[in-house]
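What follows draws every value from the coordinates through simple rules; no lab data is involved. All figures in this text were calculated on a predicted structure; none of them were measured in a lab. So basically every Cβ, Gly included, is an ideal-geometry build from the backbone, and we count neighbours across all protein chains shown.
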Amino acid sequence: MAKQARGYKSSMMVDFEASFGEAPKKKAGYVLPMNSNELVKNQTLIESDTITNTRNDSQPALGRVSVEGDIVMPADYVAIGYMLKALFGAPVTSGEEATKTHTFTVGDDQPSMIVEKGFPDLNKYIRYTGVKINTMKLEYGQDQEMTISYNVMGAAREQSGTAYTSSPTVVPLQRIAQNDAYIKIGGTESRIVKEGSIEINANLDGDQYVVGGGGVRGDIPEGIMKVNGTVKALFTDTEWLDKADNGESVPVEIGFKRADGTTVSFTMPTVQFEPFDAPISGPAGVTVDVTWRAFSADGTSIVTVVVKNNQVSY
């Protein structure tokens, strides 16, 4: 009987391409922790209307290749840097050896990756090229494992009986706990937020198919970066409601920190609340659901992500 691959034996490896769809001259390879990897290749069969003097359908043709899917990873303080590099580009790194600060800001170009799903119990490796992150989303304040979901697009897929590299770097997991979270609104750390979310959207254009490549994408250009999110909070006054009604903006920082100084923070200098109200749903405490959107007032980065850890570089 054939042996079935086991998910717990699988792995995810990434490396950064030299240019879109082009492997680097020197392979690196980073094995990142994951909860799931649903990146897949889809290719339609194009139906034929050819008349053949019978009622029997004729052979279809292969259509365009669509490589896309969701990757869910545990939120952590180290591996997140590789995914942020894929979303923003290489960070500016400073600090001493044991306390490095990596600062990610919005740039003009977004790198592409090689992503490999490894099935070592079958000696099979499925490799995707030209992969870019389209959206990154995380939710905080809930009583469950904190994860980050990445929606990605790619160009092509290949299969191999050997791994991309025999000596990858296995990135250790330094998990972010729900209790590590904090949020600052208007420069002050809030004590009324129950939970929230943040989504960063690169607005990738996945419709750039070219002739001669076997129906694959010739590029996946990045678009205008959007940053938005939600907050559920205790209703204690009308300050936020007034700001929303008046179209006022406030700085918002969503972050995670440990006692040893390890941190990850997302800072949006200008955030506007969507107008909302305070519903009375029963006799219990009143809460409000607020949707917000960040914007750039002067051309500076719409969001700055700072990671402080002992990682030398990304």
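Computing log10 I(q)/I(0) by the Debye sum over Cα atoms at q = 0.07, 0.09, 0.12, 0.14 Å⁻¹ directly from the structure and comparing it against [x] -0.31, -0.52, -0.92, -1.23; [y] -0.35, -0.55, -0.89, -1.11; [z] -0.24, -0.40, -0.75, -1.04 singles out [y]. When the Cα positions of Gly118, Asn246, Pro275 are compared along the charge dipole of the chain, Gly118 comes out farthest toward the positive end, with charges on each C-beta of Lys, Arg, Asp and Glu. Computed extension gain for Ala61 through Ala297, at 0.36 nm per residue and net of the alpha carbon distance, reaches 80.0 nm. Restricting to Cα pairs below 8 Å that are 6+ residues apart, what does the relative contact order work out to for the chain? Please round to a whole percent. The value is 19 percent. Rg and Dmax over the alpha-carbon atoms of the stretch 222-314 stand at 16.5, 53 Å.
When each of the peptides 178-188, 266-276 is scored by how many other beta carbons lie within 10 Å of its residues on average, the order from highest to lowest is 266-276, 178-188. Counting beta carbons within 10 Å around each of Glu139, Glu116 and listing the fewest first gives the order Glu139, Glu116. Our Cα-only numbers for the stretch 166-205 put the radius of gyration and Dmax at 16.7, 49 Å.
Loop-resident GluC sites (Glu not before Pro) (DSSP state other than H, G, I, E or B) in the stretch 1-64 with no more than 14 further Cβ atoms inside 10 Å of their Cβ: Glu38, Glu47. Taking a Cβ cut-off of under 11 Å around Ala156, the surrounding Lys, Arg, Asp and Glu residues balance to a net charge of +3, with basic ones at +1 and acidic ones at -1. Measuring how big the stretch 160-314 is from its alpha-carbon positions, Rg and Dmax come out at 20.6, 65 Å. Each residue of the stretch 276-286 in turn: what ³J(HN,Hα) in whole Hz from Karplus with 6.51, -1.76, 1.60 and θ = phi - 60°, glycine and Pro shown as x? 3J(HN,Hα) across the stretch 276-286, in whole Hz: 9, 9, 10, x, 9, 9, x, x, 6, x, 8. Cut-off under 30 Å on the C-alpha distance; same-chain residues fewer than 8 positions from Lys3 excluded. Which lysines are left, in chain and number order? List returned: Lys41, Lys117, Lys124. Exposure proxy ranking for Leu241, Leu138, Leu45, Leu234, based on other Cβ atoms within 10 angstrom of each Cβ and starting from the fewest, stands as Leu45, Leu234, Leu241, Leu138. Sequence-distant contacts, meaning Cα pairs under 8 Å at least 6 residues apart, place the relative contact order of the stretch 1-117 at 30 percent. One chain, two ends: Ser36 and Ile224. Fully extended at 0.36 nm per residue, the span grows by 64.9 nm beyond their Cα-Cα distance. Candidate cross-link partners of Lys194 among the aspartates and glutamates, defined by an alpha-carbon separation under 13 Å and a same-chain spacing of 8 or more, comprise Glu139, Asp143, Asp289.
A cut-off of 5 Å between modelled amide H atoms, ignoring neighbours fewer than 5 places along the same chain, links Leu173 with no other residue.
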